[in-house]
Each structure stands twice: as structure tokens, then as C-alpha cells.
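Below you'll find the structure, written out as C-alpha cells, and then a few comments.
The values are calculated or read from the model by the stated rules, or taken from the named source; none is laboratory data. None of these values were measured; they are calculated from a predicted model. Cβ coordinates were reconstructed from backbone atoms using ideal geometry, including for glycine residues, and neighbour counts include every protein chain displayed.
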Amino acid sequence: MRPMQPFSPSMFAVAVPGVGELAVAAVAAAVAVVLLPRGRRRLASGSAALLTLGGVAAAAAAAAPEWRDAALALARLCGVASVLQSLVVVAAVPVWERFAVPMPRIFLDVLRWLALAAAVVAGLWEAGIDAGELLAGSALVTAVIGFALKDTLGNVFAGLAIHAEHPFEIGDWIQYDPNPAHVGRVVEINWRATKVLTLDEAHVIIPNGQLAQASIRNFTKPDPWSRRSLFVVTPYDVPPQRVQALILDAIRGSFGVLERPAPSVVTNAFTERGVEHWVRLFTTEFDKRDRVDGMARDRIWYAFARHGIEIPVATQAIRLTQLPAPAAEPPDAALRRRAECLASIGLLSPLDAALVRRLAAENVDRVYAAGEQVVRQGEPGAAMFVVMDGRVEVSAAAVDAPVHVATLEAGDYFGEMSLMTGAPRVATVTAVVETRLLEVGKESFGRVLAERPDLVERLGKALRERLVTRSQALAGAERTVPNDQDILRKIRDFFAI
């Protein structure tokens, strides 16, 4: 019996010159496609491309005998490389991702290049060429290639370090150099560079080697929120703590401003313009940070305007020649406008024209920004509001979600129960657009009732009718409607009549 000779790659090449490798490669590619998840089967495209190239080389060997040896060598090389590529993909995706997170693309690319290099070395060895001797004999060529690829290799290793250390991931917002304006969202990390998308919708491609040496700020990790800073200057004659309370109340509920972590305000500096306040707020809407900052500044401006706080400007001695500014509304016209607005309210119909004009003179109108809450459900109150211009929305808390109660426009009013009895607000009122409201406070209304106590019963009756018509709209926000005696007692107790 003849002894079995040991198997060698040359025997395989003689038995199946090129075609065998391609057949094995075809089977391996088919197995890879079957085992890969449906959404990641495109990863087998490299194996398919090598398989196609090997098929073309085998066909060329048959059509051109003079190129037969070179074509079959290429076909064998493509077949081996395709098999190795399929093995890498199968091991890297279904097996790797069963125990860990999805393999980064750069790792997969490096493994593919290594598989291709292994196939080339195997092909050289099959042809009787020692790859080590070939590289050693071309020391000068190797040095030149290494020097030329210095930056590229540095970017590759930097990319591997980025994936290993995870300083940022796809979808994170980062600042990629010392310039605070250079901020973008990471959209791709490949073997050479990282691509970020800025707010200007511009793609910035940064070499991984540059990122590895930079101090990167990640605005998305470890927590999903980031802090924004605003600076506001107020006059020296306004107490800082009053300003800070106004700012915190103004930005509450503003777009993108989180309640937790809570915003804060500190006195930052004393400047030539006035007291500088540092507003710190947190948001998860980092991609809309300009809108978050802008709407918070809007809220602060409207709050200051309502409380008579002017934002100071830098004073300079400048002489200008300009057209006169439009004349402001005369005081008498403003007073007449407010009096007409109050006279149109049915609740105040028991008041004569003199008392209505007195209320108009002692109260002021205030402007609220779109989306700003005028009153909040459950909070104490002692004022009524009349809509002069604009539109507000009334909503009440329910079990599942806030219930829309009504939309009020010019001529409508709200808060009368709090004005007359001091009861907490039963609904939340939010400005839909920029809205001007006439606020009637307890002090001026109390002086009217002190002079005319006989109006209590007439106002109590009108208030009772108002509550009856509103009780169903509030969808259970009030359990019962007080009777006339209860209302009268509350009014007298509230104003100490």
C-alpha cells in the first residue's frame, strides 16, 4: 500500500488551477450573506467584488492562452482573498455582535486589509517567492513608502484609538479645536478621518491624527444635557436678587430649558453699563441651542419690560442729527384706552364711569411674549387681567394631560376670582402671540370697594354668574361653584370690608 503523501498548496493548485478557489469563495460568500443580518448584508460586497474579479481573470485565462499563467494566479489570489474576506465578515458581525456592541467600521476595514495582505502573501508563497526576502531586499522602497504613508498610518492608528477609548460616538456634539465656534455633530468615523456636521449644514472632515492631539469637548456625554450661558446687564438701582428672581421666573418653561438640572443666576461683574448677571441654564436641544438662547433672552426682555427695568446701554457723548422719533402715545389717550377696555367688561358693569376711569389710571398694561405663561394653575393671585391686544390660551390640569379650556382675545378677561377673593389660580393662561394685558390689582380695587361697599353684593352676583358659565369648561378643575353668600363673605374677608 502506497503511503499517503502530505497535502500541500501546490497539489491543490495543480488539481484545481484557480477554479477551485473561486468555487470555495462562492460558497463562503453565500454563507456570509445568509448569516449576516438583513440590514448589514452589504458588508459582503467586498467578497462579491473579489469573486467577480476572479471570475473575469479565469475567463481571461481561457480566452487568452498567452496570459493563462498570470490570469490563473490572479484568479487564485482573488479566490483566497474573497474567502478570507467572507470569514472576517462572518466572524466580525454575527459572532462579535452577539457578545459586544457593533464592531466599528474602521476595525472591519483594517481586518479586511489584513485579509487581503494575507492572501497576497499566500499567493507569493505559492509562486515560490518569499515575501520576507522581497521586503528585506527592497529596504529603500520600504522606507520611501513608509515615509509617504506616515500621516496616513498615523490617522489609522489614531482612528483605532478613538474607537477603543470612545471619547465620542456618532451622533455626539463635539468642539474639535480651541475655537468655540467649531462645533459639530459627529456623522462618520472612518479609518482616516472623522466627519462632523455643523449648524451651518457644512461637513467638516478632520484627520484622526489631528483629533488625537486635540482637547475635545463632548457636549453630549456623559449626560445628555449641556449648559448654556447668557449674560444680562441691569441698572445699578435695581436690587440684584430681585433681578435674579425675575430672570428665573421668566425662563421657566421656555423652549429647551430644563427644570432639572435647575437654571441659576449669579451676579457676575460690575461694569460701566451696570450689574452683569450670569444666567446658566441646561438643555438637551443642543442642535437648537441658538433658538434656546434666543427665546430665553426674549422671555427676559419681556419680563424686564413688564417691571419697568431698562437694559442699560453704553453711554457716550455723541452728537447726532436725526429725524425726530415718532411721538409716544399721550397719557390721556392711554388712560382713555384702558378705561374703554374696562368699561366693556360685564363683570365691572356695576361700576360707574368715574370708578372705571380711576381703575384705569391706577393700573398699567403689560406685554407678554408668545409662549409665556401669564398665570399658572395653583399659584396664589390677587389680580385680574384684561386682554387688550393679542390672544391667550386657557388650560387646566387633568388626570392624563392638560385640557384646553378656552382661547381669549381682545376684550376677554380672566383672574377675576383671584382679584376678588384671593383664591388660587384655577387654570394656566399662556400667551399665544405677543399679547398686551391690562392688570387690575387688589390695591386699587380695594380702594374702590372701601369707598363704595354697596358694590360688594352686585359684584358678587356678577361673579357668581361668571363662575356658573365657566364651571363646565374647566372639566372638573373646580368641584363646586360657591353660592352667593360664600362669594360675598370671601370678598369682604379679602378686602377687610
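The table that follows gives values for the structure above.
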| quantity | calculated |
| --- | --- |
| Within the stretch 211-230, tally of residues that are touching a residue at least 12 places away in the same chain (Cβ under 8 Å) and under 22 Å from the mean Cα position of the chain (by Cα) | 13 |
| Restricting the stretch 423-465 to residues that are over 22 Å from Arg489 (Cβ atoms) and crowded, with 18+ Cβ neighbours inside 10 Å, the residue that is modelled with the lowest pLDDT | Ala427 |
| Flag for Glu409 being surrounded by fewer than 21 Cβ atoms within 10 Å (Cβ to Cβ) and more than 22 Å from Pro331 (Cα to Cα) | yes |
| Any hit, the stretch 371-379, residues being at pLDDT 90 or above, acidic (Asp, Glu), touching a helix residue (DSSP H, G or I) at 6+ places or on another chain (Cβ under 9 Å) and not in a loop (DSSP other than H, G, I, E, B) | no |
| Residues within the stretch 263-300 that are in a strand (DSSP E or B), closer than 16 Å to Ile311 by Cα and in contact (Cβ under 8 Å) with a residue 40 or more places away in the chain, tallied | 5 |
| Enumeration of residues in the stretch 231-259 that are within 21 Å of the chain's Cα centre (by Cα) and outside any helix (DSSP H, G or I) | Arg252, Gly253, Ser254, Phe255, Gly256, Val257, Leu258, Glu259 |
| Subset of the stretch 350-400 (residues that are without any contact (Cβ under 8 Å) to a residue 24 or more places away in the chain and either of a type in the set (Val, Ile, Thr) or over 22 Å from Val448 (Cβ atoms) (or both)) | Val356, Val399, Asp400 |
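Yes/no per residue for (1) polar (S, T, N, Q); (2) under 30 Å from Leu114 (Cα atoms); (3) loosely packed, with under 13 Cβ neighbours inside 10 Å:
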{"position": "Arg192", "(1), (2), (3)": "no, yes, no"}
{"position": "Lys195", "(1), (2), (3)": "no, yes, no"}
{"position": "Asp200", "(1), (2), (3)": "no, no, yes"}
{"position": "Arg217", "(1), (2), (3)": "no, no, no"}
{"position": "Pro222", "(1), (2), (3)": "no, no, yes"}
{"position": "Leu246", "(1), (2), (3)": "no, no, no"}
{"position": "Ile251", "(1), (2), (3)": "no, no, no"}
{"position": "Glu259", "(1), (2), (3)": "no, no, yes"}
{"position": "Arg273", "(1), (2), (3)": "no, no, no"}
